[in-house]
1. What whole-number distance in Å separates the alpha-carbon centres of region 1-33 and region 117-135?
2. State the Cα centre-to-centre distance between region 55-72 and region 139-200 in whole Å.
3. Just the number, please: carbon plus sulfur as a percent of the accessible area of the chain, 1.4 Å probe, no ligands or DNA/RNA counted.
4. Quick one: accessible area per residue over the chain, 1.4 Å probe, rounded to a whole number of Å²?
5. Rounded to the nearest 5, what is the percent of antiparallel bridges among the DSSP beta bridges in the chain?
6. Could you pull out the pairs from 40/211; 71/126; 163/186; 145/211; 98/182; 71/158 whose alpha carbons sit more than 23 Å apart here?
7. How much length is gained on full extension from residue 40 to residue 191, taking 0.36 nm per residue of separation minus their Cα-Cα distance?
8. Please go through the residue pairs 69/147; 69/192; 48/76 and name each one whose alpha carbons sit more than 30 Å apart in this structure.
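The values are calculated or read from the model by the stated rules, or taken from the named source; none is laboratory data. Every value quoted in this text rests on a predicted model; they were computed, and no experiment measured them. In this analysis, Cβ positions are derived from the backbone assuming ideal geometry, glycine residues included, and neighbour counts consider all displayed protein chains. Ligands, DNA and RNA are stripped out before the accessible areas are found, and what is left, the full protein with its side chains, is counted by its heavy atoms. Shrake-Rupley method; radii C 1.70, N 1.55, O 1.52, S 1.80 Å.
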Amino acid sequence: MNIVLLGGPGSGKGTVSNLLEKTQNIAHIATGDMFREEIKNETELGKKAQEFMNKGMLVPDEITINMLKGKINQYKNANGVVFDGFPRNRNQAEALEKMLEEMGQKVDVALYLDMPDEDIIYRTVKRRICSNKDCGEIYNLEFKKPKQEGICDICGSKLIQRKDDNEETITNRLKVYHEQSKDLIKYYEEKKLIYRVELHANIDITEEMTKEWLANYNSNR
Ligand code: AMP
């Protein structure tokens, strides 16, 4: 099952992906993580991407699509893939369709995590992430506190805050998100692939919601 996750920054895409990866053995492709890895390794691609990411802007499609094209093949035999943060616009959605088609696959569902902007801002500034990328557990200083401050409950690594999780950058990321997402949602609506879930910051039901959705989805297949 290939799943596209739609939703603003901090709407819970990472949490849903981690859960699907652990419980369904579905691979997790996050273009944002791929870019952060390139930045950490100080590659040419990373340097280019960083300019855009620091401003909360999207990295140009050509760079993003080519990066994914170079990596998607390694997931050919996976039990499915959850795409987190890709596609971000119609052009990327069409590119994804082609990539999957070449592998004899398709997008099965577009899960849309719909959360109000003020909740997104509130959640994102309080987000902390495990620095161990094999773990990647996501915390929130309000709703999902680690047992020990600054330390991951699961693997004991240090928790970090993403550089772009500050109010100024988030406001811009949200603006970019709204400009691009309407068309993308429409694209998947037309294909009858959208499954919309309403979420709020103060009720952290992301995990339960995912489990419920999966049970529903599997029983209707
Ligand atoms: P994310 O981790 O998904 O919030 O992405 C962080 C940043 O990486 C975004 O603000 C963009 O600058 C860049 N990025 C991630 N995915 C994409 C994409 N599909 N297209 C363009 N830029 C992206």
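1. Between the Cα centre of region 1-33 and that of region 117-135, the gap is 14 Å.
2. Here the answer is 19 Å between Cα centres.
3. Within the chain, the accessible surface is 46 percent carbon and sulfur.
4. 54 Å²
5. 30 percent
6. The answer is 40/211; 71/126; 163/186; 71/158.
7. 50.6 nm
8. Cα-Cα > 30 Å for 69/147; rest within.
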